Amino acid sequence: MIAEMTTYYEHIPVMLNETTEALVTDADGIYIDGTLGGGGHSERILSLLSEKGQLYGIDQDDEALEAAGERLNHDPRFYPIKGNFGYLSTLLPPQIHGQVAGILLDLGVSTHQIKEGERGFSFQEDGPLDMRMGNLSGVTAYQVVNEYDYEPLKNLIFHYGEERASREIAKEIIAARPIETTGDLAKVIRSMVPERFAVKTLARVFQAIRIEVNRELKMLEEVLVQSLDLLKPGGRIVVLSYHSLEDRIVKHFFRSGNLEGKIEKDFYGNPLSPINALNKQVITPSKEEVNNNPAARSAKMRVAEKVAEDN
Ligand SMILES: C[S@@+](CC[C@H](N)C(=O)[O-])C[C@H]1O[C@@H](n2cnc3c(N)ncnc32)[C@H](O)[C@@H]1O
């Protein structure tokens, strides 16, 4: 309940004009915001739709749904749904499958989730080792930090955090167990890296644990594959990602329509893909936006369109 919350820290929507202008091509269309958050992008999408348009807003986080609901629930064109976008097809009513004009994914965590120490996402706030965006299932950060064996712990720090000192960090974490809070984990990591590298290392390790806890890359892969069935021909998908692991998955998928990034060809050697990337180069926020909202600094936007049937 929102009444039990301290504040819903306002999340400034990233690349608001760029994303929504690329997304909305039909004011009467059906749209999906797969990462509703505080509802910033959704509010803009609704402002671009006619009375006939519809917007389904998905989030796995109760607090996000509450906050966005306060802003948007009065609008009869808005349908909030709680769930993980990795199960998008089953969350949406079957009659809109194949009818969707646009899907927006603004990946990662919101400012609210980061700032609220209790959620355990931040190395700047002390809180329980949690990091779950939704409360449905899966491991908590506590389990990853305190129960994972050396190999999987080292691997996730290396792969999901892209942290070269993954071996040393995994050993140090295991030696320091039990680690109770985000503050304790931050202390362990700070004790082993020079102060000038501390923030970057902490950011990488916390990112790695968050990706593991929420199975973020797997869920992204799932939603991309499902988007092909949900979109109508000519429908668009716009993704804002915040680190290279996500961006790589999106780039490969938008190029080929499959997760391997393998471009199928017809008998004559012409490329066959159910989806077309509309921007070959990634689109990034303006300097002005980054100055006003540092959280936007690593954003990368990609847009693709489902190929029309007669192509
Ligand atoms: C960056 S925020 C989105 C902010 C939003 N665009 C706005 O303008 O307020 C990402 C949101 O997506 C949600 N989220 C992340 N991964 C998700 C997933 N797999 N399924 C459902 N929601 C997810 C998070 O809970 C968070 O609220």
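Computed quantities for the displayed model
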item	result
Residue in the stretch 12-22 that is closer than 23 Å to SER286 by Cβ, in contact with a Gly (Cβ under 9 Å, 6 or more places away or on another chain), more than 12 Å from the ligand (Cβ to nearest atom) and not in a loop (DSSP other than H, G, I, E, B) present	yes
Members of the stretch 125-140 that are at pLDDT below 90 and either surrounded by fewer than 17 Cβ atoms within 10 Å (Cβ to Cβ) or assigned by TED's automatic domain parsing to the domain that holds ILE209 (or both)	GLY134, ASN135, LEU136, SER137, GLY138
Residues of the stretch 75-89 satisfying the condition of being buried (at least 16 other Cβ atoms within 10 Å of the Cβ) and in a loop (DSSP other than H, G, I, E, B)	ARG77, GLY83, ASN84
Hits in the stretch 60-74 (condition: open to solvent by 20 Å² or more (accessible area, probe 1.4 Å) and either within 12 Å of the ligand (Cβ to nearest atom) or free of Cβ contacts under 8 Å to residues at least 40 places away in the same chain (or both))	GLN60, ASP62, GLU63, LEU65, GLU66, ARG71, ASN73, HIS74
Qualifying residue in the stretch 37-57 (condition: among the β-branched types (Val, Ile, Thr) and more than 11 Å from the ligand (Cβ to nearest atom))	no
Subset of the stretch 90-121 (residues that are part of a helix (DSSP H, G or I), modelled with pLDDT of 95 or more and within 13 Å of the ligand (Cβ to nearest atom))	THR90, LEU91
Of the criteria (1) farther than 21 Å from ASP247 by Cα; (2) within 18 Å of the chain's Cα centre (by Cα); (3) surrounded by 23 or more Cβ atoms within 10 Å (Cβ to Cβ), which one GLY102 fails	(1)
Count - residues of the stretch 47-59 that are open to solvent by 30 Å² or more (accessible area, probe 1.4 Å) and charged (D, E, K, R)	2
Those helices (runs of 4 or more DSSP H) lying entirely in the stretch 143-247 with at least 1 residues closer than 22 Å to ALA295 by Cβ and open to solvent by less than 10 Å² (accessible area, probe 1.4 Å)	182-190, 195-214, 216-230
Some residue of the stretch 283-290 being surrounded by fewer than 12 Cβ atoms within 10 Å (Cβ to Cβ) and in a helix (DSSP H, G or I)	yes
Any pair with Cβ under 9 angstrom, 6 or more apart, that starts in the stretch 218-237 at a residue that is more than 15 Å from TYR31 (Cα to Cα) and ends at one that is within 12 Å of the ligand (Cβ to nearest atom) and among the acidic types (Asp, Glu)	LEU220/GLU246
Selected residue (only one of GLU305, GLU260, GLU264 is closer than 23 Å to PRO233 by Cα, at pLDDT below 95 and either under 21 Å from the mean Cα position of the chain (by Cα) or not assigned by TED's automatic domain parsing to the domain that holds LEU16 (or both))	GLU260
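Residue-wise test of (1) of a type in the set (A, V, I, L, M, F, W, C); (2) under 23 Å from ARG302 (Cα atoms).
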residue: PHE197; (1), (2): yes, no
residue: THR201; (1), (2): no, no
residue: GLU221; (1), (2): no, yes
residue: GLY234; (1), (2): no, yes
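Rundown of residues vs (1) small (Gly, Ala, Ser); (2) closer than 20 Å to LEU23 by Cα, yes/no style:
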{"residue": "GLY83", "(1), (2)": "yes, no"}
{"residue": "LEU92", "(1), (2)": "no, yes"}
{"residue": "ILE96", "(1), (2)": "no, yes"}
{"residue": "LEU104", "(1), (2)": "no, yes"}
{"residue": "ILE114", "(1), (2)": "no, no"}
{"residue": "GLY120", "(1), (2)": "yes, no"}
{"residue": "GLU125", "(1), (2)": "no, no"}
{"residue": "TYR142", "(1), (2)": "no, no"}
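The values are calculated or read from the model by the stated rules, or taken from the named source; none is laboratory data. Bear in mind that the values here come from a model prediction, so they are computed numbers and not experimental data. Every residue, glycine as well, gets a Cβ built from its backbone with ideal geometry; the counts of neighbours run over all protein chains shown. Side chains included, ligands, DNA and RNA excluded: accessible areas come from the protein's heavy atoms. Shrake-Rupley method; radii C 1.70, N 1.55, O 1.52, S 1.80 Å.
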